[in-house]
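Scroll down for the structure; my scribbles are underneath it.
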Amino acid sequence: MRRFFPLSVICLFVGAVNACSKVDQVVATEDIPTAGVRFINAVPDTAGSYGLIMRFVDLTENNVQYRINFRNGPVVSAGIAGLALVQYKPARAGSRHLEIFLDDSIQSIATIKLKDTTVTLTAGHNYSAILWGYARTGASPAMKLTFIDETVADPGTQVALRVINATSAAIDVSQYVKGGTAPATPTWASVAAMSISSYVTAAPGAIMYKVRAAGSATDMFTDTQALLGSAASSSAGTTTLDIAPIPGTNVAGSAVTMIVFPPSSAGARTPQTTAFLSPFGGFIWDRRPPTPSGT
């Protein structure tokens, strides 16, 4: 026994040293360069049972945008139209392989690929991937993917406004303060089919949009109020503002976009309820104002 006891003590001591070294060990983790990507489904004539799915296929990550139906799940509340399924999701920066499929529970349909491309993401930037146009053979304008860098200049004490025309014809769009009158000259005149206007700035407030076919005196749909948003606030009821503002036209520093969608094609797997059989305008935000801090 005396021969083995010292050896066991030595082993115990070595084990204790090893245990301490593991506790003190620092494991470095990668600081992943990240961009934000959102997917907008503006294809009126093609879908799986659940719409479309967009995913990066070169790396496994959380930026898989699935069950994105035509118009991205519009929600209208108190006259304010928002697009529920448009949101920036993190994606690793760099050259990325992007694919878009029909979203369906039937494998033969779910493997139908609408787009296969490579895009370059810059860390800290936000991007919109817009699939628009008609997928069916012979339909015009033909389906295409537009990938946009959504870096928006800070509008300061103002709000920035623009319009995306996802329809197949030019439109005139006006913005004006709720309760006021639309200007005689459109804010954005003759916005071409499948194109994006420039931003204009306006004082914060409740903003309305009027949309007409280019050169027409008839509204395409009832004037629609833009997203209002809400200012930064405090969870403790103090001057320290720890709850981020929700972007909208009431919140200075916000950038807001109206997307004008075409109607669903008759007989397609896109939604065929009454609300989808006429043009529609829904709102998204492009820039979130910073949260101010108080003392």
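The values are calculated or read from the model by the stated rules, or taken from the named source; none is laboratory data. Note that the structure is predicted; figures quoted are calculated from it, not measured. Cβ coordinates were reconstructed from backbone atoms using ideal geometry, including for glycine residues, and neighbour counts include every protein chain displayed.
Return a yes/no flag: does the range 238-261 have any residue that is at negative phi, in contact with a helix residue (DSSP H, G or I) (Cβ under 7 Å, 6 or more places away or on another chain) and crowded, with 21+ Cβ neighbours inside 10 Å.
no
Tell me whether the range 116-130 contains one or more residues that are within 17 Å of the chain's Cα centre (by Cα), small (G, A, S) and under 19 Å from T257 (Cβ atoms).
yes
Going by the structure shown, is Y66 touching a residue at least 40 places away in the same chain (Cβ under 8 Å) and assigned to a strand (DSSP E or B)? Even if it seems obvious, please write down each step before you answer.
Numbers: touching a residue at least 40 places away in the same chain (Cβ under 8 Å): no; assigned to a strand (DSSP E or B): yes.
Criteria not met by Y66.
Of all residues being part of a loop (DSSP other than H, G, I, E, B) and among the hydroxyl-bearing types (S, T, Y) in the range 203-231, which is modelled with the lowest pLDDT? Just the residue, please.
Filtering the range 203-231 for residues part of a loop (DSSP other than H, G, I, E, B) gives 203-206, 214-218, 220-223, 226-229, 231.
Then keep just the ones that are among the hydroxyl-bearing types (S, T, Y); that gives 216, 218, 222.
On the way: S216: 95, T218: 94, T222: 83.
So the residue we want is T222.
Do any residues in the range 260-283 that are more than 26 Å from A110 (Cα to Cα) have Cβ atoms under 9 Å from those of residues that are basic (K, R), where the two are at least six apart or on different chains, and which pairs are they?
Sorted first by the residue in the range 260-283, then by its partner, the pairs are F280/R71; G282/R71.
Residues being in a loop (DSSP other than H, G, I, E, B), touching a strand residue (DSSP E or B) at 6+ places or on another chain (Cβ under 8 Å) and either more than 29 Å from L228 (Cα to Cα) or of a type in the set (V, I, T) (or both): count how many of those fall in the range 27-58. Steps first, answer last, please.
Residues of the range 27-58 in a loop (DSSP other than H, G, I, E, B): 27-33, 43-47, 49-50, 57-58.
Within this subset, residues satisfying the condition of being touching a strand residue (DSSP E or B) at 6+ places or on another chain (Cβ under 8 Å) are 32-33, 43-47, 50, 57-58.
Among the residues that remain, those that are also either more than 29 Å from L228 (Cα to Cα) or of a type in the set (V, I, T) (or both) are: 32-33, 43, 45-47, 50, 57-58.
Final tally of qualifying residues: 9.
When the range 71-90 is examined, which residues are found to be under 14 Å from the mean Cα position of the chain (by Cα) and either buried (at least 16 other Cβ atoms within 10 Å of the Cβ) or not in a loop (DSSP other than H, G, I, E, B) (or both)? Lay out the reasoning, then the answer.
Pass one, the range 71-90, residues under 14 Å from the mean Cα position of the chain (by Cα): 71-74, 82-90.
Answer for the range 71-90, where residues must be under 14 Å from the mean Cα position of the chain (by Cα) and either buried (at least 16 other Cβ atoms within 10 Å of the Cβ) or not in a loop (DSSP other than H, G, I, E, B) (or both): R71, N72, G73, P74, G82, L83, L85, V86, Y88, K89, P90.
Which is modelled with pLDDT under 50 and among the basic types (K, R), of R2, R38?
On the way: R38 fails: modelled with pLDDT under 50.
Matching residue, one of R2, R38: R2.
Just give me the residues in the range 146-168 being in a loop (DSSP other than H, G, I, E, B) and surrounded by fewer than 15 Cβ atoms within 10 Å (Cβ to Cβ), in sequence order. Can you show your working first?
The initial filter retains those residues of the range 146-168 that are in a loop (DSSP other than H, G, I, E, B), namely 150-158, 166-168.
Passing the criteria: T151, A153, D154, G156, T157.
Which residue out of S230, S235, S254, S216 is without any contact (Cβ under 8 Å) to a residue 12 or more places away in the chain, in contact with a strand residue (DSSP E or B) (Cβ under 9 Å, 6 or more places away or on another chain) and of a type in the set (G, A, S)?
Values: S230 fails: without any contact (Cβ under 8 Å) to a residue 12 or more places away in the chain; S254 fails: without any contact (Cβ under 8 Å) to a residue 12 or more places away in the chain; S216 fails: without any contact (Cβ under 8 Å) to a residue 12 or more places away in the chain.
Unique residue meeting the criteria: S235.
Please enumerate the residues belonging to the range 91-111 that are part of a loop (DSSP other than H, G, I, E, B) and more than 20 Å from T34 (Cβ to Cβ).
Pass one, the range 91-111, residues part of a loop (DSSP other than H, G, I, E, B): 93, 103-106, 111.
D103, D104, S105, I106, T111, listed by residue number.
Show the residue pairs that are 6+ apart or on different chains and have beta-carbon atoms under 6 Å apart, the first residue being within the range 187-209 and under 17 Å from I40 (Cβ atoms), the second being among the charged types (D, E, K, R).
Final answer for the pair search is S197/R162.
Determine, yes or no, whether R55 is in contact with a Phe, Trp or Tyr (Cβ under 8 Å, 6 or more places away or on another chain) and at negative phi.
On the way: in contact with a Phe, Trp or Tyr (Cβ under 8 Å, 6 or more places away or on another chain): yes; at negative phi: yes.
Answer is yes for this residue.
Tell me whether the range 217-237 contains one or more residues that are surrounded by fewer than 20 Cβ atoms within 10 Å (Cβ to Cβ), within 25 Å of Y134 (Cβ to Cβ) and either within 21 Å of the chain's Cα centre (by Cα) or not hydrophobic (A, V, I, L, M, F, W, C) (or both).
yes
So E61 passes all but one of these: (1) under 18 Å from P262 (Cβ atoms); (2) of a type outside the set (F, W, Y); (3) at pLDDT below 95; (4) outside any strand (DSSP E or B). Which condition number does it fail?
For E61, the exception is condition (1).
Residues T60, T111: which one is surrounded by fewer than 16 Cβ atoms within 10 Å (Cβ to Cβ), farther than 30 Å from T222 by Cβ and touching a Phe, Trp or Tyr at 6+ places or on another chain (Cβ under 9 Å)? First the steps, then the outcome.
On the way: T60 fails: touching a Phe, Trp or Tyr at 6+ places or on another chain (Cβ under 9 Å).
After applying the criteria, what remains is T111.
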